Every structure is written in C-alpha cells, then in structure tokens.
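Trainee: Below: one structure in structure tokens.
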Amino acid sequence: MKPLEAPVARRAAVGPAFAFAAAGALAVTLAIYLLRMDRVVGLVVDDAWYVLLAKALATGDGYTLINSPTPGITPFYPPGFPALLSIFYRLSPVFPDNVWLLKSVSIAAMIAAGIVAFRYFERDRALPVEVAFALAFATAIYPGLVFLATSTVMSECVFTLVQLVAILVIERSVRDASRGAASSAQRYAAVGGVFASIAFLTRSAGLALLVGGVIYLAKEKLFRQAAIFAVVAAILVGPWTLYSRAHVPTAEQRVEQGGSIVMPYDVQFWNRVAGRQLSGTIELKDLPGRVFENLTEIGKADFGAFVFYSFYRPVEAGETIRLSNRHAAISLLFAFVALFGYLAAAREKLTLAEIAVPLALSICVLWGWEQIRLLAPLVPFLLFYLVIGVRAMARLARVDARAQAILLAIVSWVFVVGALDGNYRYIQKKYDPVPANRPRWISAFEENEAFIRQLGARVPQGETIATDNPALVHLYTGHKTIASNNPAARWRMWKHLGVRYYAKISPYPVELDAVESSLPVLHRSDGDLALRLLDLGPPESRAAWGEN
C-alpha cells in the first residue's frame with residue numbers, strides 16, 4: 001500500500017453525493033451548536049479569566065489582571081486565546097451581551113477542525129472517504145468539545161483546530177520534500193512552525209507539538225526544514241517566554257491575588273489537584289501513583305466516552321455517573337484497540353501524530369487534573385487509532401478487503417451516532433417542558449448571575465471583594481476582586497487591602513465552614529446554591545481569621 005498515492009485514486013468518487021453529505025453534516029453541526037448555545041460564562045472559572053484578559057487587551061490595559069487592587073500583575077496563562085478573543089471583544093465591548101460573539105470563535109473553530117480533520121484523514125492517512133468523513137464529523141460534534149464551545153469560553157476548541165492545521169501543514173512539508181520541491185517544503189515547514197507556536201501560545205500543552213515537530217522532521221532527515229521550524233518557533237514563542245519570566249508575579253502579588261492565575265505551573269504541578277493549594281502537595285515518589293491513577297481513569301472511563309459519550313459522561317457538567325464493571329471493561333477494550341491501532345499505524349509509517357500524541361498524553365497523565373478535558377483536543381487522533389486498531393485486527397483475522405472496508409465504515413459511523421446521541425440527550429434536557437428537568441448548569445449560572453448583580457449593587461464602589469470567582473465578579477460589577485482561597489494565610493494581606501466583603505459563589509451548593517458560618521450574611525441567593533455575601537467586619541478592628 002502506498003498511502004500518499006491512495007487518495008488520488010479515490011478522488012473520482014468524491015462528487016455530488018459527497019457534496020450533499022457534506023452539506024447535510026454542516027447543517028446538523030450548526031444546528032447542534034445553535035441549539036446547545038446558552039448564556040453561561042465563567043462557571044469553569046478559567047473561562048472567566050480568558051474573558052477578563054481579552055477585555056484587558058481590548059481596552060488597552062495590556063495583558064494584566066485588571067481586577068486586582070494592585071495594577072500590573074501578569075497571569076501565567078498563555079496569551080494566544082485571550083488575544084484572539086480580544087479582537088471580538090473590540091467588535092462588541094459590552095459584557096455580557098458579547099458572550100455569544102466570544103463563543104462563536106470556538107464554534108467556528110470546531111467546524112473548521114472538522115474540515116481540516118477530513119483533509120488530514122483522507123489525504124495524509126489514506127482512509128476511505130466515508131471513513132475520513134465520519135471521523136471528521138464525529139470530531140466536529142464531539143459532545144465534550146460542543147460543551148466547551150457553547151457553555152463556556154474555553155480554549156480547547158481553538159487549540160484542537162490549530163493543532164490539526166499544524167500537523168497537516170508539516171505533513172505537507174514532508175511530502176513536498178519527498179517529491180523534490182525543496183522551496184515549497186521549506187515554506188510549509190515555516191508555516192508549520194507558525195501554527196505549532198500558536199498552539200503553544202494557546203495552551204502550554206502545545207509544547208508536545210513543538211518538540212514533536214522538530215523530532216519528526218529530523219527523523220525524516222529534513223534537517224533544514226527542522227531548523228526552519230525551530231527558528232520560526234523560537235521567534236514566535238521566545239518573546240512570550242522571556243516576557244513571562246521577566247514579569248513573574250512577586251510573592252506579594254501572589255498573596256494578594258491568590259488562586260491559580262498567579263501560580264507558576266511548576267508549583268501547580270506538585271499540587272495534588274493542579275492549582276488548588278489546599279488540596280495538598282505530592283513528591284517525586286508519588287508521581288508513578290498519579291500516572292497510574294490517570295491512566296486508569298483514561299482506560300476505564302474516557303475511552304468509553306470517546307465512543308459512547310452518554311454512557312460514560314453525565315449529560316451536563318456537575319453531575320456524576322457511576323460506571324459498572326461492564327462499562328469499565330468495554331472502555332478498557334476500546335483503549336487496548338486504540339493502543340493496538342497506534343502501534344499498527346506507527347509500524348506502517350511513523351508520522352508526526354505518532355510522535356506528538358504520545359508526548360501530549362505524557363503531559364496529560366503527569367498533570368493532577370481530570371483527564372477527559374485534557375484529552376479533548378486529541379479526540380480526532382484517538383478515534384483514528386481506534387479505527388486503525390479495528391483494521392489491524394481484521395487483517396490479523398484475514399478478513400478480506402471488502403469486508404474490512406465495510407467494517408471500518410460501520411465503526412467510524414458508530415462514533416458519529418455516539419456523538420449525535422450525546423448531543424441529542426443534552427438538547428432534549430435543555431428544552432424539557434418542565435423547568436426542573438432542564439440543565440442545572442444553566443440554572444446555576446442564572447442564580448450566580450443574579451447574585452453577582454445584587455452584590456454589585458450592595459457593595460459600595462471602591463471596595464475590594466474576596467470571592468471564589470474573581471474574574472467573573474469583576475466583569476459583572478467592576479469591583480476590584482481577589483481570590484478567596486486560604487483566608488487564614490492571607491488574612492494580613494486582606495486587612496492591608498481593606499477587604500471587608502467575601503462572596504461565596506459556585507456552580508454547586510455552597511457549604512460554609514465553621515468560621516464562615518459565624519460571619520454576618522449581607523445577602524443570600526434565592527436558589528438552591530445558597531450563595532452568600534459575607535461581612536468580614538471593619539478591617540482596622542477585626543480579629544484574625546477564626547478568632548472571635
């Protein structure tokens with residue numbers, strides 16, 4: 001088999017029928033995103049920071065935490081996604097009226113990701129058109145990514161697109177080099193370096209693509225292209241790396257603002273739960289246990305969710321789902337099929353994906369966080385390895401070529417059906433005629449939004465608020481805000497800043513500890529979350545945290 005020649009023979013089959021199918025898939029994809037679109041923003045906390053940083057860039061304040069009492073504090077988040085959002089924030093500068101426009105960025109990215117994925121699978125991986133089409137369609141409507149696009153303002157969708165484009169372009173560079181088109185190959189290597197750099201500046205996990213690109217081009221003995229790729233990446237990534245190191249928040253600024261937004265990644269890495277100081281820390285000897293735990297999570301639940309999302313993931317965020325041993329076994333089976341597919345693909349031809357995906361997975365399993373969200377940008381590749389795994393097993397079983405083609409088509413379209421089912425279940429719940437049956441994620445946002453607007457009216461202008469979601473409170477109220485984590489350790493700083501008001505907000509029901517329960521409640525939300533605005537008392541005369 002000659003994978004680079006196979007698509008040429010198949011292109012004759014791509015005619016009116018394919019155009020009709022593509023138009024239908026696009027219509028279904030748009031319908032899903034429009035039906036799932038909501039007003040929710042900021043409940044993940046990270047997405048509130050993205051919007052705040054976009055606002056800071058759009059209003060000329062620079063890449064700083066404009067919510068902080070002390071100006072000029074630089075976040076650790078990469079600037080790529082906020083910079084992209086800032087373009088649209090300038091077009092519509094009124095928050096939250098502009099949330100739909102900010103979300104449209106991710107929606108457009110996922111539609112484009114489906115198109116790029118089809119091109120990659122059909123041309124570079126030599127899959128039959130119907131299989132490549134199904135994988136691309138499943139990628140574009142994968143329920144986890146649809147949620148991130150329509151119910152948050154997160155960076156995963158844009159990252160998914162940029163990563164796919166980078167791999168597509170770099171493969172084009174290698175292909176042109178094999179055909180003797182040196183100047184074209186070098187040009188595409190430079191473009192690949194641009195997109196790989198954008199991926200890194202969007203999410204730090206893009207480091208896998210930067211490293212993988214150099215390794216792959218060097219493996220192909222394309223040393224000039226590898227040098228061009230590396231130089232372009234250094235030119236684009238270097239300034240941000242140097243700038244962020246020169247503007248690392250001081251110890252005092254970290255105590256002031258609090259939270260993961262000012263916490264270095266090397267510190268977050270050693271948190272038991274990344275970015276949560278109170279979760280405790282781990283040591284080097286604990287890393288194998290973390291990796292094993294994450295791999296177990298991926299094997300027993302996440303691979304099942306890639307295929308049958310509704311069976312392994314709750315319909316909406318915040319819910320829990322208990323998996324039976326049978327479900328875990330099926331998910332593990334999928335994981336082993338994908339691993340077999342990866343090995344089969346690597347044996348056939350070691351492409352950039354076979355280098356970058358393991359590097360990305362290594363970053364995921366070493367990180368102390370829920371794996372399904374970290375893996376979301378890898379969905380197209382993991383589905384691809386599942387298909388290749390099935391094909392490799394069919395070949396071992398000496399299944400004839402025609403039966404193999406039918407089997408691959410069935411498997412790939414099962415992914416589409418699984419994604420459609422996951423989206424249908426959510427849409428059905430969102431538009432349930434009984435309000436109590438509708439997604440709690442949306443009702444939680446409505447309660448949070450109403451509460452934040454109330455505290456904005458109750459707290460005097462000029463006062464700083466300590467809260468669980470500093471960016472979202474600032475966006476709605478304009479008040480200066482700081483994170484409310486670990487008040488006992490930061491009590492002196494709170495007193496220095498004159499912080500009197502403490503807003504307990506969350507997408508889940510709020511529980512107060514003993515100290516918080518003793519504080520006067522200035523306002524309580526009307527819903528089930530029991531959000532509260534607490535009075536800490538006059539800063540100049542109050543006792544230390546926990547002392548009456």
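The values are calculated or read from the model by the stated rules, or taken from the named source; none is laboratory data. Predicted, not measured: the structure shown is a model, and the values here were computed from it. Positions of Cβ are backbone-derived with ideal geometry, glycine not excepted, and every protein chain shown enters the neighbour counts.
Trainee: Any residue that is surrounded by fewer than 18 Cβ atoms within 10 Å (Cβ to Cβ), in contact (Cβ under 8 Å) with a residue 24 or more places away in the chain and under 24 Å from the mean Cα position of the chain (by Cα) - is there at least one of those in region 348-361?
Mentor: Scanning region 348-361, I find at least one residue that is surrounded by fewer than 18 Cβ atoms within 10 Å (Cβ to Cβ), in contact (Cβ under 8 Å) with a residue 24 or more places away in the chain and under 24 Å from the mean Cα position of the chain (by Cα), so the answer is yes.
Trainee: Shifting gears a bit: Return yes when Ala149 is more than 22 Å from Phe81 (Cβ to Cβ) and part of a helix (DSSP H, G or I) and no when it is not.
Mentor: Considered against the rule, which asks whether it is more than 22 Å from Phe81 (Cβ to Cβ) and part of a helix (DSSP H, G or I), Ala149 comes out as no.
Trainee: Taking the residues in region 521-543 that are among the small types (Gly, Ala, Ser) and within 36 Å of the chain's Cα centre (by Cα) as candidates, determine which candidate is nearest to Arg453 (Cα to Cα).
Mentor: Looking at residues that are among the small types (Gly, Ala, Ser) and within 36 Å of the chain's Cα centre (by Cα), I get Ser525.
Trainee: Is it the case, given these coordinates, that Arg175 is without any contact (Cβ under 8 Å) to a residue 60 or more places away in the chain, over 24 Å from Cys364 (Cα atoms) and not aliphatic (A, V, I, L, M)?
Mentor: no
Trainee: Taking helices (runs of 4 or more DSSP H) that fall entirely within region 278-322, which contain at least 3 residues that are free of Cβ contacts under 8 Å to residues at least 40 places away in the same chain and under 30 Å from Gly258 (Cα atoms)?
Mentor: The helices (runs of 4 or more DSSP H) meeting that bar are 287-297.
Trainee: Cβ-Cβ below 6 Å, separation at least six or inter-chain, first residue in region 256-270 and under 24 Å from Ile465 (Cα atoms) and among the hydrophobic types (A, V, I, L, M, F, W, C), second at pLDDT below 90 and part of a helix (DSSP H, G or I): which pairs?
Mentor: Every condition considered, no pair remains.
Trainee: Ok, one more. Which ones in region 105-124 are small (Gly, Ala, Ser) and buried (at least 16 other Cβ atoms within 10 Å of the Cβ)?
Mentor: Ser106, Ala109, Ala112, Ala113, Gly114, Ala117
Trainee: Here's something else I'd like to know. If you check Leu350, Leu386, which single one turns out to be touching a Lys or Arg at 6+ places or on another chain (Cβ under 8 Å) and assigned by TED's automatic domain parsing to the domain that holds Ser155?
Mentor: Answer to the check: Leu350.
Trainee: Residues to consider are Leu343, Leu382; find the one that is within 20 Å of Val158 (Cβ to Cβ) and modelled with pLDDT of 95 or more.
Mentor: Leu382
Trainee: Of the residues Ala346, Ala328, Ala335, which single one is in contact with an Asp or Glu (Cβ under 6 Å, 6 or more places away or on another chain) and part of a helix (DSSP H, G or I)?
Mentor: Among Ala346, Ala328, Ala335, only Ala346 is in contact with an Asp or Glu (Cβ under 6 Å, 6 or more places away or on another chain) and part of a helix (DSSP H, G or I).
Trainee: Return the pair list, or none, for Cβ contacts closer than 9 Å from residues in region 483-498 that are closer than 14 Å to Arg254 by Cα to residues that are surrounded by fewer than 18 Cβ atoms within 10 Å (Cβ to Cβ) and hydroxyl-bearing (Ser, Thr, Tyr), at least 6 apart or on different chains.
Mentor: Leu497/Thr70
Trainee: Do the conditions hold for Val232, that is, is it in contact (Cβ under 8 Å) with a residue 12 or more places away in the chain, surrounded by 12 or more Cβ atoms within 10 Å (Cβ to Cβ) and outside any helix (DSSP H, G or I)?
Mentor: Spelling it out, it is not the case that Val232 is in contact (Cβ under 8 Å) with a residue 12 or more places away in the chain, surrounded by 12 or more Cβ atoms within 10 Å (Cβ to Cβ) and outside any helix (DSSP H, G or I).
Trainee: Would you mind stating whether Ala117 is among the small types (Gly, Ala, Ser) and not in a loop (DSSP other than H, G, I, E, B)?
Mentor: It is true that Ala117 is among the small types (Gly, Ala, Ser) and not in a loop (DSSP other than H, G, I, E, B).
Trainee: Moving on. Collect the residues in region 25-39 that are closer than 16 Å to Phe137 by Cβ and without any contact (Cβ under 8 Å) to a residue 60 or more places away in the chain, keeping them in residue-number order.
Mentor: Across region 25-39, the qualifying residues are Ala27, Ala31.
Trainee: Another question, then. Looking at (1) in contact (Cβ under 8 Å) with a residue 60 or more places away in the chain; (2) surrounded by 19 or more Cβ atoms within 10 Å (Cβ to Cβ); (3) assigned to a helix (DSSP H, G or I); (4) not β-branched (Val, Ile, Thr), which is the only condition Leu207 fails?
Mentor: (2)
Trainee: Quick test of your reading of the structure: Phe200 fulfils all but one of (1) assigned to a helix (DSSP H, G or I); (2) more than 29 Å from Ile482 (Cα to Cα); (3) modelled with pLDDT of 95 or more. Name the failing condition by number.
Mentor: (2)
Trainee: Regarding region 28-36, can at least one residue be identified that is modelled with pLDDT of 95 or more, charged (D, E, K, R) and under 30 Å from Ala246 (Cβ atoms)?
Mentor: no
Trainee: Something else now. Does region 297-315 hold any residues that are of a type in the set (D, E, K, R) and surrounded by fewer than 23 Cβ atoms within 10 Å (Cβ to Cβ), and which are they?
Mentor: Within region 297-315, Glu297, Lys300, Arg313 meet the criteria.
Trainee: Out of Ala185, Ala190, report the one residue that is out of contact with any Asp or Glu (no Cβ under 8 Å at 6 or more places or on another chain) and either in contact (Cβ under 8 Å) with a residue 40 or more places away in the chain or not β-branched (Val, Ile, Thr) (or both).
Mentor: Criteria check complete, one pass: Ala190.
Trainee: Kindly establish whether Ala54 is under 10 Å from Val153 (Cβ atoms), within 15 Å of the chain's Cα centre (by Cα), surrounded by 16 or more Cβ atoms within 10 Å (Cβ to Cβ) and among the aliphatic types (A, V, I, L, M).
Mentor: So Ala54 fails the test.
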